[in-house]
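Read through the structure below, which is laid out as structure tokens, and then see the notes.
The numbers here are math on the coordinates, done by the rules we state, and not lab data. Not measured: the values here are computed from a predicted model. Counting neighbours? That spans all protein chains shown, and the Cβs are built from the backbone with ideal geometry, glycine included.
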Amino acid sequence: MKRNKVASGLISKICNYWRSHVSAEEAEFYRRMLREVEGRALEIACGGGRLLLRFIYEGFKVDGVDSSLFLLDLVRRKAQNAGLTPTLYHQKLDAIEIHDVTYKLIYIPLGSFQLVGDREVAELLLAKYYKMLEPNGRAVIALFLPWTNDHLDTNGWQIIRDVKLQIKNQRYVEREATLHDPVEQLILAKTRFELWDGKDLLQFEEREMHLRWYSKGEFIALLKNVGFSKVETLRSYSGGPPYKDSFLLFIATK
């Protein structure tokens, strides 16, 4: 029987494997933002370069920040193969410090901002983004809507993904246990990522996150409190009817 092994970096590998998809609507939305600002941009929580590399290849000037060294190394390898040299920063999402550079656009896709569970820290971060932006620059933040999630309270571990790999008998499994506190607007999410070979568990890694959600009015107020003069919201990337499990998009102008 094979011995189970706790694997460092397995979460990053699996997240990159599953979350590399870019819809045409999402890509075109951020592409339009980049065209309109006509300047340097910063993608926060860039991951494995899902959006970042696409836009750099298209000629946009976009820097990337992520907390995962594995994913940033992956971006560098992909970029090198494509003849690209992106500027990348290895920093935690809740402690970003980039000096001597200003941006026309800062964007945070896929609800990654909600990984900052402390509301006061979140407001301080928004103030940092404001200072990092040039006059008339924009911050674009996508926040997920918790009430569209059908497994907020799982009452124990629940398999949410089970995907076969190209390697025979191997598969990735993601289990999740979540508890929602609607008063504090927090979701306690425990995730366990596993690599299986047939009936043998080869590797696993666990993490715990506190995900904060915001009402529309609440987040607009936060953005205006730190200095943004104008805040626009969209219910879908195309500006049309909201998706069934849509993100709420905030476009804040300095």
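Points worth noting:
- Taking amide H positions as modeled 1.01 Å from N, with prolines and chain starts lacking one, the residues under 5 Å from Leu202 and 5 or more places away or on another chain are Leu195, Trp196, Asp197.
- Relative contact order, whole percent, for segment 17-90 stands at 28, derived from Cα pairs under 8 Å and 6 or more residues apart.
- Whether segment 30-99 is rounded, prolate or oblate, judged on the alpha carbon gyration tensor where a/c under 1.5 counts as rounded: oblate
- Each Lys and Arg contributes +1 and each Asp and Glu -1, all at the Cβ; summed about the Cα centre of segment 90-162, the dipole is approximately 280 debye.
- Most mobile of Ile96, Ile108, Ile160 in a GNM of the chain (Cα contacts under 10 Å): Ile160
- Normalised by the number of residues in the chain, the mean separation of alpha-carbon contacts (under 8 Å, six or more apart) gives a relative contact order of 20 percent.
- Remark on Arg40: its backbone amide H falls under 5 Å from those of Lys104, a criterion applied only to residues 5 or more positions apart or on other chains, H modelled at 1.01 Å from N.
- Cα centroid separation, segment 57-106 to segment 180-254 (Å): 21
- Couplings 3J(HN,Hα) of segment 190-199, computed from phi: 9, 10, 10, 9, 10, 10, 10, 10, x, 9 Hz, in residue order, whole Hz [Karplus 6.51 cos²θ - 1.76 cosθ + 1.60, θ = phi - 60°; x for Gly and Pro].
- When the charge dipole of segment 133-254 is built from unit charges on Cβ atoms (+1 for Lys and Arg, -1 for Asp and Glu) and taken about the Cα centre, the candidate among Ala142, Asn169, Leu186 whose Cα reaches farthest toward its positive end is Ala142.
- Residues with amide H under 5 Å from that of Leu110, placed H, sequence gap 5 or more: Ala142
- Calculated Rg and Dmax of segment 129-254 using C-alpha coordinates, Å: 19.1, 57
- Segment 107-118 - phi-based ³J(HN,Hα) in whole Hz, Karplus 6.51/-1.76/1.60, Gly and Pro as x: 9, 10, x, 6, x, 4, 4, 6, 5, 7, x, 7
- Beta bridge orientation in the chain: antiparallel %, DSSP, nearest 5: 70
- Put a dot 7 Å past the Cα of Glu25, heading toward its Cβ, do the same for Gln91, and the two dots end up 3.2 nm apart.
- Inverse mean reciprocal Cα-Cα distance (Kirkwood Rh) of the chain, Å: 19.4
- Look at the dipole of the chain built from charges on Cβ: of Gln80, Leu53, Leu211, the Cα furthest out on the positive end belongs to Gln80.
- Computed from phi, the 3J(HN,Hα) profile of segment 26-35 under the Karplus parametrisation 6.51, -1.76, 1.60 (θ = phi - 60°) reads 5, 4, 5, 4, 6, 4, 5, 4, 5, 5 Hz, with x in place of Gly and Pro.
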